[in-house]
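This report concerns only the one structure given below.
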Amino acid sequence: MDQSLHCSLPTAGFGNSVATSLFQLLIASYCGISSPDTWPEDYGEELIETNDVEYDFIIVGAGTAGSVVANRLSRIDQWRVLILEAGGDPPVESEIPTLWPKTLGTKYTWNYSTEPSMDYSTAYKNNTNEWPRGKLLGGSGGVNAMMYISGYGYDEEFRAWDYDNSKGWSWEDVRSYFVKSRSFVDDAGLILNYPNIPLALNNIVLKSGSELGYNLVDQQFRKGITYTFNFDDYKGEGFTYQLATVLNGRRMSTGKTYLAAVRSRTNLKVIKQAHVKKINMKGNHAQSVTFVYKNGDEVTVKAHKEIILSAGALNTPQLLLLSGVGPREHLKKLNIPLKQELPVGHNLQDHIIIPMYFKLKNSKTKLTPGKYQDEEDLLNYIYHRKGPLSSPKESLAALINTNPLSNISFPDIAFFYSQTTKSYINFGLKHGIEPLNVKESDDILKVLVLLIHPLSRGYVELKTTNFEDNPRIVPNYYNISSDLETLVRGLRFQLNFENTIPFLELDGKFVDLNLPDCKSLKIKSDEYLRCYIRSMTTSMSHPVGTTKMGDDLDAVVDHQLKVKGVKGLRVIDNSIIPTTIIPNINAAAAMIGEKGSDLIISDWKQTNKNEL
């Protein structure tokens, strides 16, 4: 036993009783952060024991969209719904807003990475990007940064979803589903609140932005409706405090607010640690799903009505390919029998981010992220769910149009602001790449510069036929050169902050990372910025588009989200997005889950009017 923890105080007995009571209260408060009783029971062992393998609907993936679909379909008592999730209950680190990065790279995520490239991400180890996806109830919505931006009708990319406003996916159509997904219709919806700890450095950013002509956007949040960077009420540029899927210091994923909220429904079964192996088809009809349960048992379950893939933009195409749905030549190389030829895995899009750092020498804020480890802050969170741990720190954002030739004021770059430390800057970078003239005690402003509408397209494909192997991910950043030039303008915009009064007063300077590829270039020149961008390219973890919705030859699903040429199989997740929209995409996943559910219910109402 650690002697530093030994207590030899003399006591008459009452002191020990008080200490024991306090300790028990502490443990109870800690355990209450993520109690097992919060989540649905695992039905796996009972299913195997009773051979209960026939359902009306089988949903693959209990992520943001899948949890919504499970809730909506199970509202109909006559339907038996089974949802298969490869992970389990979220860990305590997922529930505590500030600790979400601690879930990455663990058993609670699919630990994917991109293929190495010499054209981007060259400052990172192995020239790759880590692309973790959620492997737990709530999916990636259970391990993300919890920020919420739904977009709005002014976003020109919605035209690609429904080019002639006749397919049911125009802005006017989907707007109501964004609202529904956060309005608690039938006791389900996303819970949104503003982060409650604006960092002092945010005020510096806001004052600098105002000096450059960009103000804090008016904010309203009432009755579940928001007007800040959300919906068609806002059509300009500026800064805002983002909404977050947080309540009382805890994460509010759809795994909690949709799936766990209806865990008592007897017609809804949830199997955890169920790694789906393939979709089984008879002819062109998807009839059953084979998965491997946590104890190693291989189980096949049958769907009488439909199988719904909600596994996300990486796992959904992987599963389709393993099941024989995809490009003919790719499947032929792997000796996978072709069931339906479709461009599965193509059209991969991602929100590129470029991290920038600014040292503020004279800042007195001292609100460094490491402070959450102080005993006072830990106790404040455990007992009261308040303090630095209770709220995401990435609270301030901006949307800016950097294109002087644009005839509309629609933003092309998003900026996300937070405070960081020197050790964080070094994380993930190659040996020898580190900030110059920066001390661990310095206040550092971290800025993520995000490309809103990338034109470059990548792909996802199989490496092997083993369902347990990671897929090959090739994002193809900058294969359309204008993406690079837009980011140059974005970095240039942020560098202009150095000339504002708030930055000058604090001697705010761009941090030179001593990047090997850029050493010969004049710092802050356009050539340097292009080099910096290619070196520091990383991902916002927003992959979409790999089972594109549409009528064209590049589409995998139609506007009813049915896989083309396959009966009984739909995709309801962000992989159906034709062209990505304004961040963040978790809002889009919930919307797609709501609309996809209505499409299913409408179809089966028409098929069997007496059933519903």
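The values are calculated or read from the model by the stated rules, or taken from the named source; none is laboratory data. Quantities reported herein were computed from a predicted structural model and do not represent experimental measurements. Ideal geometry is used to build each Cβ from the backbone, glycine not excepted, and the neighbour counts take in all protein chains shown. Just the protein is used for accessible areas: all its heavy atoms, side chains included, with ligands, DNA and RNA removed. Shrake-Rupley method; radii C 1.70, N 1.55, O 1.52, S 1.80 Å.
Looking across the stretch 556-577, the residues that are touching a residue at least 40 places away in the same chain (Cβ under 8 Å) and open to solvent by less than 10 Å² (accessible area, probe 1.4 Å) come down to VAL556, VAL563, LEU569, ARG570, VAL571, ILE572, ASP573, SER575, ILE577. Figure legend. Inter-residue proximity from the stretch 170-195: first residues under 24 Å from THR240 (Cα atoms), second residues among the hydrophobic types (A, V, I, L, M, F, W, C) and part of a loop (DSSP other than H, G, I, E, B), beta-carbon distance below 6 Å, spacing 6+ or different chains. Indicated pairs: SER181/LEU190; ARG182/LEU190; ARG182/LEU192; ILE191/MET252.
Taking residues in the stretch 463-490 that are acidic (Asp, Glu), and partners anywhere that are open to solvent by less than 20 Å² (accessible area, probe 1.4 Å) and assigned to a loop (DSSP other than H, G, I, E, B), the pairs with Cβ atoms closer than 6 Å and at least 6 places apart or on different chains are ASP483/PRO454; ASP483/SER456.
The lone criterion from (1) of a type outside the set (Gly, Ala, Ser); (2) open to solvent by 50 Å² or more (accessible area, probe 1.4 Å); (3) without any contact (Cβ under 8 Å) to a residue 40 or more places away in the chain left unmet by GLN78 is number (3).
If you check LEU47, LEU73 for being crowded, with 24+ Cβ neighbours inside 10 Å, touching a residue at least 12 places away in the same chain (Cβ under 8 Å) and of a type in the set (A, V, I, L, M, F, W, C), only one passes: LEU73.
Taking the criterion of being within 28 Å of the chain's Cα centre (by Cα), at negative phi, of a type in the set (D, E, K, R) and open to solvent by 10 Å² or more (accessible area, probe 1.4 Å), would at least one residue in the stretch 511-527 satisfy it? No, every residue in the stretch 511-527 fails to be within 28 Å of the chain's Cα centre (by Cα), at negative phi, of a type in the set (D, E, K, R) and open to solvent by 10 Å² or more (accessible area, probe 1.4 Å).
Evaluating THR128 against the criteria (1) out of contact with any helix residue (DSSP H, G or I) (no Cβ under 9 Å at 6 or more places or on another chain); (2) of a type in the set (Ser, Thr, Tyr); (3) at pLDDT below 95 leaves one unmet condition, (3). Charged (D, E, K, R), open to solvent by 10 Å² or more (accessible area, probe 1.4 Å) and within 18 Å of LEU82 (Cβ to Cβ): is that true of LYS282 in this structure? Judged against the criteria, LYS282 is not a match. Check the stretch 426-440 and report whether any residue there is of a type in the set (Phe, Trp, Tyr), free of Cβ contacts under 8 Å to residues at least 24 places away in the same chain and open to solvent by 60 Å² or more (accessible area, probe 1.4 Å). Yes; the residues of the stretch 426-440 include at least one that is of a type in the set (Phe, Trp, Tyr), free of Cβ contacts under 8 Å to residues at least 24 places away in the same chain and open to solvent by 60 Å² or more (accessible area, probe 1.4 Å). Touching a residue at least 40 places away in the same chain (Cβ under 8 Å), open to solvent by less than 30 Å² (accessible area, probe 1.4 Å) and either more than 18 Å from PRO343 (Cα to Cα) or over 29 Å from the mean Cα position of the chain (by Cα) (or both): is that true of VAL301 in this structure? Yes: the conditions hold for VAL301. Residues that are open to solvent by less than 30 Å² (accessible area, probe 1.4 Å), without any contact (Cβ under 8 Å) to a residue 60 or more places away in the chain, under 27 Å from ILE354 (Cβ atoms) and of a type in the set (A, V, I, L, M): does the stretch 143-158 have at least one? Yes, the stretch 143-158 contains a residue that is open to solvent by less than 30 Å² (accessible area, probe 1.4 Å), without any contact (Cβ under 8 Å) to a residue 60 or more places away in the chain, under 27 Å from ILE354 (Cβ atoms) and of a type in the set (A, V, I, L, M). For the stretch 304-351, filtering for residues that are small (Gly, Ala, Ser) and surrounded by fewer than 24 Cβ atoms within 10 Å (Cβ to Cβ) leaves 1.
Among the residues making up the stretch 163-203, a single one is among the aromatic types (Phe, Trp, Tyr), more than 13 Å from GLU594 (Cα to Cα) and either outside any loop (DSSP other than H, G, I, E, B) or touching a helix residue (DSSP H, G or I) at 6+ places or on another chain (Cβ under 7 Å) (or both): TRP171.
Being open to solvent by less than 60 Å² (accessible area, probe 1.4 Å), over 23 Å from ASN347 (Cβ atoms), modelled with pLDDT of 95 or more and not hydroxyl-bearing (Ser, Thr, Tyr) is the requirement here; does LEU484 meet it? Criteria not met by LEU484.
Condition first: modelled with pLDDT of 95 or more and under 30 Å from LEU192 (Cβ atoms). Can you find one or more residues in the stretch 512-535 that meet it? Within the stretch 512-535, none of the residues are modelled with pLDDT of 95 or more and under 30 Å from LEU192 (Cβ atoms).
When the stretch 468-481 is filtered for residues that are open to solvent by less than 10 Å² (accessible area, probe 1.4 Å) and in contact with a helix residue (DSSP H, G or I) (Cβ under 8 Å, 6 or more places away or on another chain), the ones remaining, listed by number, are PRO471, ILE473.
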